[in-house]
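Here is the structure we will look at.
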Amino acid sequence: MVDIRLASEVPLFDIVADSTEPKHLVTPGSLITKETGFMRGHGTYMQDDCLYASVAGVVERVNQLISVRPLKSRYHGEIGDVVIGRITEVSQKRWKLDTNARLDSVLLLQSVNLPGGELRRRSAEDELSMRQYLKEGDLVSAEVQNIFNDGALSLHTRSMKYGKLSQGCLVKVSPSLIRRQKTHFHNLPCGASIIMGNNGFVWICPTLHEDVAGGFVQNLETVPHADRQAISRLRNCVTALAQCKMMLYDTSIMHAYDASINAGFEIKDLLLPDKITEIALMVRKQFEMEKE
Amino acid sequence: MSIAPQLLRGPSLMAEILLSEAEKAFIHHGDDLRCDGRTRLDYRPIILETGLVSNASGSSRLRLANSDVLVGVKVELASPLSEKPLEGRLEFFVDCSANATPEFEGRGGEDLANEICRFLQMSYMSGDTINLSELSVLAGQQCWVLYVDILILECGGNLYDTVSLAVKSALYTTQIPSIKVATMDGDQPELELSEDPYDTKRLNTQNVPCLVTLMKIGNHYLVDPTPEEECCSSSGVVVAVSGSKKITAVRKIGSGSLHPESLVSMLKTASEVGAVVNKILMKKLLEEETAGKTQKVGFMR
């Protein structure tokens, strides 16, 4: 019922990750070079002809350009990325979404499929009833269509696979842990679907059927117990892998899921620190075996 | 007549988060299986460390999932309150760091801090929890005052419980210097502090209360709500349970109502859960003490 541990008993989660330490690790304010003639890239600043790091991360050099890749950052969008966002604001002809980026992303009324046919003019009535389609708090899956000059993302949902999300569970992880893949929508064999947003938002829900996705209706019926169990277990597997800084994609998640079942762990056991490292080690072993 | 929505919402538990209708439905329908696989009466794992702050008389840091609290206790000599000349006292102060959520910036966290402070004060008021006469040095003239400073570093739901466990752990480790009343110089007594820094005494914290938050979701109630669950629930109770299973204070949170029957059963459950939490916490604190001096883990990991 209650599990209290001393901090000294908790295993280090990074034992699972590769132990090769990156060479040029810097913290904000540390000197990168005193030499002149280098170009100032992202994550650096110039002071008294010296180049300093403005973020904590790894120094990267391409010819004369020096930049620092941050260890932890907000989502840096790219066109074509699948993202999951939460509506924060409904304004004129657009919705504002939180996508874990530096600025709120924008979903224009003209870049969504409205009910009743794909090709339809957006009328003033559509503009007035925007809140009926999507309101504050709603979750949407979408694709990055464009990046504005200020870095804000413009999204679109003009495909049947995107749209409002129904019942399920959202897990937030670091965007850098999501592996880029051909598809970010997976129907997993364990009886649940997963959408891995490139922005680090992972959506786990009961198996999606092609024909119902993409609309603006939410199914509020009770989810069967077996589905819930699969969803909960997947959720805990994803958080466990994320805590150990393991890359997230369908195979790694399924390995974690299978490992947790084979080891006989209960779903709630996967919250415990020692079980988390155990799962991560098992997944890693599985990958090593497959490599051979 | 219209009422501002913030008045209807009642005292806020923490930063409000947004959830969609479907997510709320998903949480509501969870039949003794919550989103993270826990049953209704399960806590998330708790990580505890004491003695992190070297210049405090007692300190602890407690993490419950993503809720992170640092508590320091400082003892000081002061004159006792005139209505309680034979007792020392406890003073609580809660600080919500803006690091926890941007909403705490400026005076944003003040309401929440005051609420937690008041409730802690209330739950320690009962005579069974802590023997305040232990803190008396010289009747009516000098006593120890324990300043309990609570710093909320991160909010991940269930702040009341996290804070109370951290406070209890910090009080458990608090060292109160031994003091002797030396010669009376006329009317003025002279106090002599022991020269040995290890010559200290400790409080009996066996009965110090733990707070148990029960949130009502649908027709059921659950312990240790996540922020998402807090967002789904309209009402709940925070119950202070002492080590001897006694309830020392109760407070309702949220704007919703509670049926008398469910309130009684919630209080009963809370006192049972509280007793278990108390017991396990005391066991762990003893374990850490007997393990002796080990390398402190702290914040760098």
Residue satisfying all of: in the range A:1-29; exposed (fewer than 14 other Cβ atoms within 10 Å of the Cβ) and at pLDDT 85 or above; farthest from the other protein chains (Cβ to nearest Cβ) among these: A:G29
Conditions (1) surrounded by fewer than 16 Cβ atoms within 10 Å (Cβ to Cβ); (2) touching a strand residue (DSSP E or B) at 6+ places or on another chain (Cβ under 7 Å): number failed by A:G57: (1)
Conditions (1) exposed (fewer than 15 other Cβ atoms within 10 Å of the Cβ); (2) within 11 Å of another protein chain (Cβ to nearest Cβ); (3) aliphatic (A, V, I, L, M); (4) in contact (Cβ under 8 Å) with a residue 12 or more places away in the chain: number failed by B:L191: (2)
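Kindly indicate the residue of the range B:72-81 that is buried (at least 18 other Cβ atoms within 10 Å of the Cβ) and in a strand (DSSP E or B) and also modelled with the lowest pLDDT among those meeting that condition. Write out each step before concluding.
Just the residues of the range B:72-81 that are buried (at least 18 other Cβ atoms within 10 Å of the Cβ), to begin with: B:72-73, B:75, B:80.
Now restrict to residues that are in a strand (DSSP E or B): B:72-73, B:75.
Numbers: B:G72: 96, B:V73: 95, B:V75: 92.
In this case the residue turns out to be B:V75.
Can you tell me how many residues within the range B:259-285 are open to solvent by 50 Å² or more (accessible area, probe 1.4 Å) and more than 18 Å from B:S234 (Cβ to Cβ)? Outline the logic, then answer.
From the range B:259-285, those open to solvent by 50 Å² or more (accessible area, probe 1.4 Å) are B:259-261, B:263-264, B:268, B:272, B:276, B:279, B:283; that's our starting set.
Going one step further and asking which of them are more than 18 Å from B:S234 (Cβ to Cβ), we end up with B:264, B:268, B:272, B:276, B:279, B:283.
Residues flagged as open to solvent by 50 Å² or more (accessible area, probe 1.4 Å) and more than 18 Å from B:S234 (Cβ to Cβ) within the range B:259-285 amount to 6.
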Output for the range B:16-71, where each listed residue is touching a residue at least 12 places away in the same chain (Cβ under 8 Å), part of a helix (DSSP H, G or I) and open to solvent by 20 Å² or more (accessible area, probe 1.4 Å): B:K24, B:I27, B:H28
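For the range B:194-221, name all the residues that are hydroxyl-bearing (S, T, Y) and either assigned to a strand (DSSP E or B) or surrounded by 14 or more Cβ atoms within 10 Å (Cβ to Cβ) (or both).
Taking the range B:194-221 first, the residues hydroxyl-bearing (S, T, Y) are B:194, B:198, B:200, B:205, B:213, B:221.
Correct list: B:T200, B:T205, B:T213, B:Y221.
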Near pairs, Cβ below 8 angstrom, 6+ apart or cross-chain, from the range A:148-166 (open to solvent by 80 Å² or more (accessible area, probe 1.4 Å)) to any residue that is modelled with pLDDT of 90 or more and part of a loop (DSSP other than H, G, I, E, B): A:D150/A:L103
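If a residue has to be under 12 Å from A:I32 (Cα atoms) and touching a strand residue (DSSP E or B) at 6+ places or on another chain (Cβ under 9 Å) to count, how many in the range A:42-54 make the cut?
Of all residues in the range A:42-54, those under 12 Å from A:I32 (Cα atoms) come to A:43-47, A:49-54.
If we keep only those that are touching a strand residue (DSSP E or B) at 6+ places or on another chain (Cβ under 9 Å) as well, we get A:43-46, A:50-54.
So the count comes out to 9.
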Subset of the range A:257-273 that is open to solvent by less than 40 Å² (accessible area, probe 1.4 Å) and more than 20 Å from B:L64 (Cβ to Cβ) - its residue that is farthest from the other protein chains (Cβ to nearest Cβ): A:A259
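Considering only residues that are surrounded by fewer than 21 Cβ atoms within 10 Å (Cβ to Cβ), touching a residue at least 24 places away in the same chain (Cβ under 8 Å) and not in a loop (DSSP other than H, G, I, E, B), which ones fall in the range B:91-112? Break it down into steps so the answer makes sense when it comes.
Residues of the range B:91-112 that are surrounded by fewer than 21 Cβ atoms within 10 Å (Cβ to Cβ), as a first pass: B:91-93, B:95, B:97-99, B:101-103, B:105-108, B:110-111.
With touching a residue at least 24 places away in the same chain (Cβ under 8 Å) added as a condition, the list becomes B:91-93, B:95, B:97, B:99, B:101, B:103, B:111.
B:E91, B:F92, B:F93, B:D95, B:E103, B:D111, listed by residue number.
Can you tell me which residue among B:G256, B:G236 is open to solvent by less than 20 Å² (accessible area, probe 1.4 Å), among the small types (G, A, S) and assigned to a strand (DSSP E or B)?
Values: B:G256 fails: assigned to a strand (DSSP E or B).
Only one candidate passes the filter, namely B:G236.
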Test: residue in the range A:121-140 that is surrounded by fewer than 21 Cβ atoms within 10 Å (Cβ to Cβ) and of a type in the set (V, I, T): no
Complete set of residues in the range A:75-101 that are out of contact with any Phe, Trp or Tyr (no Cβ under 7 Å at 6 or more places or on another chain), within 14 Å of chain B (Cβ to nearest Cβ) and either closer than 24 Å to A:T27 by Cα or surrounded by 21 or more Cβ atoms within 10 Å (Cβ to Cβ) (or both): A:G85, A:R86, A:W95, A:L97
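Let me confirm something: among B:E228, B:E261, which residue is within 14 Å of chain A (Cβ to nearest Cβ) and either modelled with pLDDT of 90 or more or part of a helix (DSSP H, G or I) (or both)?
Values: B:E261 fails: within 14 Å of chain A (Cβ to nearest Cβ).
Every option except B:E228 fails the conditions.
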Residue, least open to solvent (accessible area, probe 1.4 Å), within the range A:234-253, restricted to residues that are over 18 Å from A:L281 (Cβ atoms) and part of a helix (DSSP H, G or I): A:L234
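Having 1 or more residues that are among the hydrophobic types (A, V, I, L, M, F, W, C) and under 20 Å from A:S176 (Cβ atoms) is the bar; report the strands (runs of 3 or more DSSP E) wholly within the range A:28-69 that clear it.
Working: elements: A:31-33, A:44-47, A:50-53, A:57-62.
By residue number, A:50-53, A:57-62.
Condition (residue is touching a residue at least 40 places away in the same chain (Cβ under 8 Å), of a type outside the set (D, E, K, R) and assigned to a loop (DSSP other than H, G, I, E, B)) applied to the range B:240-253: is it met by at least one residue? Before the answer, list the steps.
If we filter the range B:240-253 for residues that are touching a residue at least 40 places away in the same chain (Cβ under 8 Å), which is where we start, we get B:240, B:242, B:244, B:246, B:248-249, B:251, B:253.
Then drop every residue that is not of a type outside the set (D, E, K, R), which leaves B:240, B:242, B:244, B:248-249, B:253.
Next, only the ones that are assigned to a loop (DSSP other than H, G, I, E, B) stay: B:242, B:244.
Looking for residues that are touching a residue at least 40 places away in the same chain (Cβ under 8 Å), of a type outside the set (D, E, K, R) and assigned to a loop (DSSP other than H, G, I, E, B), one finds at least one in the range B:240-253, hence yes.
Suppose we filter A:A226, A:A256 for residues that are in a helix (DSSP H, G or I) and either within 21 Å of A:V140 (Cα to Cα) or in contact with a Leu (Cβ under 6 Å, 6 or more places away or on another chain) (or both); which single one remains?
Details: A:A226 fails: either within 21 Å of A:V140 (Cα to Cα) or in contact with a Leu (Cβ under 6 Å, 6 or more places away or on another chain) (or both).
Result of the check over A:A226, A:A256: A:A256.
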Sole exception among (1) open to solvent by less than 40 Å² (accessible area, probe 1.4 Å); (2) in contact with a helix residue (DSSP H, G or I) (Cβ under 8 Å, 6 or more places away or on another chain); (3) within 14 Å of chain B (Cβ to nearest Cβ) for A:Q218, by number: (1)
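The values are calculated or read from the model by the stated rules, or taken from the named source; none is laboratory data. For clarity, every value in this text was computed on a predicted model and none was experimentally measured. All Cβ positions, even for glycine, are placed from backbone atoms using ideal geometry, and neighbour counts span all protein chains on display. Note: areas computed on protein heavy atoms with side chains; ligands, DNA, RNA excluded. Shrake-Rupley method; radii C 1.70, N 1.55, O 1.52, S 1.80 Å.
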